[in-house]
């Protein structure tokens, strides 16, 4: 009964991994600073990189990547969400936080203004196309050359960054698979991008693309009687920001034939400055809802037949490949390994063999997968196959432990 409970607990919480952390004078350090010199922007741009806990230097494993605008401000929120939810709700990913501290308005606004709200507007603005060119032709190639990332990308932006994110979806759709626009400034330039979106969304295909949009509860700066139910009836400048986001969401929902996977959420208790954290949490979970693990109850039940579990695993493998566009293991190696040993402890040796063999199939360069499979064969007094797998483990690792075990098996 104890072993059965342990197996259930382990699988039910398989998406939680132990989070190690290097010794430091600080509790948390987030994001390794890097930079790239941009010919497009004529400057050196800083960004910050967070590698997943599963990253092993020298490994051939590559990860999906998230690009976060205003990364020097919001990377903490993204890293926190990813740390808690990776594994079961979203994949392990590399997080790239782009700094927009110096020229934020210039970089992120999508058209140029000389006047705003009836007054002269002297701040440099409207260079989103140039910043897009930097991301496409310089930043993404640099990240791909220096970090183990795949071409499965997510873009996140808040406020002006949300405006930029929507513009990227509409006009540079191919660069990212997922778009998360947090309280986006769709009121910019008298709703210019919003007005342009009507034709784009009705004429263009967004198959395979996903967008999550959020709206904060600050619907009117001076009138608390304005609510989500009546804000669209207001015609003042005070509600233009909120009305623009709602109108965009209505346009998105009205064009389902373009196949865009669209979600949006209203946060009545959040202000413009507090909405990023809940939006990142809900948005990332929503954008990766297809990644969440299915049929956990069947894995928890020791009576589930092997062929049923095998079919679930293979269906997930197919599903992930369809979404990512490339083959990935359906579950992490520690899960296959753990499930194999727990099955052995419970006397389900056929099931244990299935898990251990699948681990070597999906992780052919993992020495521990072969060492664990050798444990199974040794438990069955099959020295020949145990020796074969320890030999493979030693070839991959070159470790003294595997060498010592190999010599011990040869002596039997």
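All of the numbers you see were taken from the coordinates with simple rules; none came from a lab. The structure displayed is predicted, hence computed values, not measured ones. Neighbour counts are summed over all protein chains in view; Cβ atoms, including those assigned to glycine, are modelled from backbone coordinates with ideal geometry.
Once you keep just the Cα pairs under 8 angstrom separated by 6 or more residues, what percentage relative contact order results for the chain? Rounded, it is 13 percent for the chain. Relative contact order of the range 124-266, taken over Cα pairs closer than 8 Å and 6 or more residues apart, is 23 percent. Counted over the chain with a bin width of 10 Å, the fraction of Cα pairs per bin, in whole percents, is 4, 19, 26, 22, 14, 9, 4, 1, 0. With a/c under 1.5 counting as rounded, go ahead and sort the range 176-224 into rounded, prolate or oblate using the C-alpha gyration tensor (a ≥ b ≥ c being the square roots of the eigenvalues; past the cut-off, prolate if a/b is larger than b/c, else oblate). Cα axes put the range 176-224 in the oblate bin.
The distance separating the Cα centre of the range 84-162 from that of the range 311-361 comes to 37 Å. Helix 333-345 axis versus longest C-alpha principal axis of the chain: approximately 40°, rounded to the nearest ten. Listed from fewest to most Cβ neighbours within 10 Å, the set 316, 117 follows the order 117, 316. Ranked for footprinting exposure by Cβ neighbours inside 10 Å, fewest first, 290, 264, 188 give 290, 264, 188. Relative to the longest principal axis of the Cα atoms of the chain, the long axis of helix 240-254 lies at roughly 60 degrees. Beta-bridge orientation, the chain: approximately 30 percent antiparallel, per DSSP, counting only bridges with both partners inside.
Please report the antiparallel percentage of DSSP beta bridges with both residues in the range 68-209, rounded to the nearest 5. Within the range 68-209, antiparallel bridges account for around 20 percent of the total.
Working from Cα positions, state the angle (0 to 90°, nearest 10) between the long axis of helix 188-203 and the longest principal axis of the chain. Approximately 60 degrees, to the nearest ten. When both the range 187-229 and the range 373-393 are represented by their alpha-carbon centers, they are found 60 Å apart.
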